[in-house]
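Input: a single structure, listed below in structure tokens.
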Amino acid sequence: MGLPTLEFSDSFLDSPDFRERLKCHEIELERTNKFIKDLIKDGNMLITALKNLSAAVQKFSQSLQEFQFECIGDAETDDEVNIAQSFKEFSQLLNTVEEERRRLIQNADDVLITPLEKFRKEQIGAAKEGKKKFDKETEKYYSTLERHLSLSSKKKEAYLQEADMQIDKERQLFYDASLEYVFKIQEVQEKKKFEFVEPLLAFLQGLFTFYHEGYELAHEFEPYKQQLQFNLQNTRNNFVSTKQEVEKLMKRIRSADQDYKPPGQWTMEGFLYVQEKRPLGCTWTRHYCTYEKSSKTFTMSNTENKSAGKQPEVFKLKSCIRRKTDSIDKRFCFDVEVAERHGVMTLQALSESNRRLWLEAMDGREPVRNSACSSLKYSFGAGCSWSGFFKVLCLARRQSSKAPVDMDLDPDMWDNKTITSGLKNYLRSAPFLLFPHFYLFSFSESDDQNYRVRAVHALVHKMPERNKEMLELLIKHLVRVSAQNQSNLMTVSNLGVIFGPTLMRSQEETVAAMMNIKFQNIVVEILIENFNKVSHSLTLNGLVCTYSQTVSRGEKNSRSWL
């Protein structure tokens with residue numbers, strides 16, 4: 001049931017029913033006024049919250065923009081580049097969204113708060129002023145009426161006529177105030193249908209525009225999101241593959257002998273204790289030392305706190321002799337002569353095996369003895385490299401070994417996993433390197449896919465025929481496997497993760513080398529995706545020559561493919 005209608009004629013009667021109907025309008029007007037005040041308060045709170053949210057999002061966006069995403073290794077894959085760039089893409093997307101939100105916040109006061117406040121003050125305020133006037137005229141009129149009706153009829157006619165004129169004037173003022181109030185209160189009730197609904201509509205329109213802009217941005221962001229998800233999955237696969245290799249390396253290092261020498265730029269390096277003579281005796285100070293055999297450069301860096309910032313000492317080694325146990329009360333000692341100092345320096349290694357490594361690196365000699373056995377022992381220890389000796393034996397064994405006869409791998413007798421595992425194990429354990437490892441030099445110089453395809457093409461063209469035949473046979477098989485990825489889940493990316501480390505092995509087993517497995521995976525992906533281009537035996541004109549300078553840097557230190 002809505003509000004009752006107020007007739008202008010009811011103002012003249014001023015009946016109790018009229019007053020009751022008028023009171024219903026007044027109650028509704030007060031309720032509307034309170035509602036608008038609460039709406040303005042909540043609207044201001046919403047605008048403040050939007051401002052705080054916008055400030056927080058902008059701060060978050062700025063943090064994303066400023067963060068530098070660094071990856072391990074000298075070069076990055078396309079996946080890693082895109083992932084590192086993603087933070088800046090996210091930041092740009094959030095900034096675009098916030099620009100629209102800022103417009104919403106700026107317009108909110110003009111389209112919502114100000115119109116509502118204006119309607120409350122001007123329209124509802126005018127109705128309240130009309131009520132005050134109506135109440136005032138009502139009181140005045142009925143007071144005058146009571147006095148008029150109490151006049152005695154014995155008064156003079158002129159006095160009574162003047163009293164009648166006065167009551168008529170008051171009655172007219174009362175009627176005018178009543179009519180104006182009835183008109184105004186019904187006008188406000190009608191105006192509220194649009195004058196404070198329109199601001200809400202305008203605000204919601206701005207809000208929906210903001211949401212729509214977000215939807216459009218999300219639609220434009222979809223291709224990038226899909227590509228990024230692909231990059232993340234590739235990186236996750238590479239991580240799993242690399243992690244397995246690094247864990248294997250860690251286990252091998254953990255189980256290695258104490259005299260294990262990790263690969264590095266120096267012939268030998270590590271901590272040594274240096275004897276320093278003092279007036280009242282001598283002290284032993286820990287130094288980190290390096291030795292480079294080709295230049296015979298020996299460097300010592302004092303690691304004591306009081307020597308922080310001191311430049312390392314560099315010497316030219318002249319000789320190295322193992323110190324006999326009975327000549328010093330310390331174990332694992334040896335003496336070195338350097339050109340820059342007079343006399344010998346006595347150094348203490350960390351263990352007997354560690355001393356042996358230093359002596360071998362420095363071509364160390366045994367103490368002079370009159371025993372033929374000692375001379376023989378020195379000749380054998382200094383003249384032979386155990387690593388090189390076993391390498392020669394291994395190579396000789398590989399060269400003399402004969403290939404096994406062909407086997408009939410009947411699928412009814414052999415499990416698929418056994419066959420595939422055998423294939424991977426054969427390729428990984430083969431005494432030759434199927435694909436050259438120095439391909440990495442090219443990928444650190446360009447991220448152009450066409451360049452990479454041409455680079456791999458050039459490398460394949462330079463491979464020995466037997467390597468090329470085996471590679472072509474394997475990749476042709478992998479192309480067929482990848483074509484069935486819907487059922488076998490062996491996508492090109494997954495095959496790259498599996499066969500990258502299998503086909504290409506680094507010269508050194510280090511964590512840094514493991515980090516380059518991701519590039520091995522990319523090479524296999526290129527071989528599969530561009531099989532026809534890479535395997536096609538065409539004369540490459542100037543391609544190999546153009547690429548030869550890049551490849552030559554890697555060939556200098558590469559081992560033979562066969």
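Considering only alpha-carbon pairs that sit under 8 angstrom and 6 or more positions apart, the relative contact order computed for segment 59-175 is 22 percent.
Each residue was assigned an accessible area with a 1.4 Å probe, and for H212 the value is about 100 Å². In this calculation the C-beta distance from D109 to F69 is compared with R0 = 45 Å, giving a FRET efficiency of 0.65.
Remark: the L173-E190 segment gains 3.5 nm on full extension, using 0.36 nm per residue and subtracting the alpha carbon distance.
Per-residue packing, averaged as other Cβ atoms within 10 Å, sorts the ranges 150-163, 312-325 into the order 312-325, 150-163, beginning with the highest. Accessible surface of segment 211-346, 1.4 Å probe: 51 percent of it comes from carbon and sulfur atoms. Peptides 72-79, 487-494 ranked from most to least packed give 72-79, 487-494, packing being the mean of other C-beta atoms within 10 angstrom over each peptide's residues. A protection proxy built from the mean count of other Cβ atoms within 10 Å ranks the segments 104-113, 272-281, most packed first, as 104-113, 272-281. When DSSP beta bridges are restricted to pairs lying wholly in segment 208-346, around 100% turn out antiparallel.
Over all other residues within a Cβ to Cβ distance under 11 Å of T325, the charged ones net out to +2, with Lys and Arg as +1 and Asp and Glu as -1. Taken over segment 1-156, the convex hull of the Cα atoms encloses 159 Å³ per residue. Residues Y451, Y141, Y288 ordered from highest to lowest accessible area at a 1.4 Å probe: Y288, Y451, Y141.
Within the full protein context, the accessible area of I47 is estimated at about 20 Å² for a probe radius of 1.4 Å.
Counting only protein chain heavy atoms and rolling a 1.4 Å probe, the accessible areas of R356, R331 rank, largest first, as R331, R356. Expressed as a whole percent, the accessible surface of segment 1-134 that belongs to carbon and sulfur atoms is 56, based on a 1.4 Å probe.
The values are calculated or read from the model by the stated rules, or taken from the named source; none is laboratory data. This structure is a prediction, so every number in the text was calculated from the model and none was measured. Every residue, glycine among them, receives a Cβ derived from its backbone with ideal geometry; neighbour counts consider all protein chains shown. To get the accessible areas, we keep the full protein, side chains included, count just its heavy atoms, and leave off ligands, DNA and RNA. Shrake-Rupley method; radii C 1.70, N 1.55, O 1.52, S 1.80 Å.
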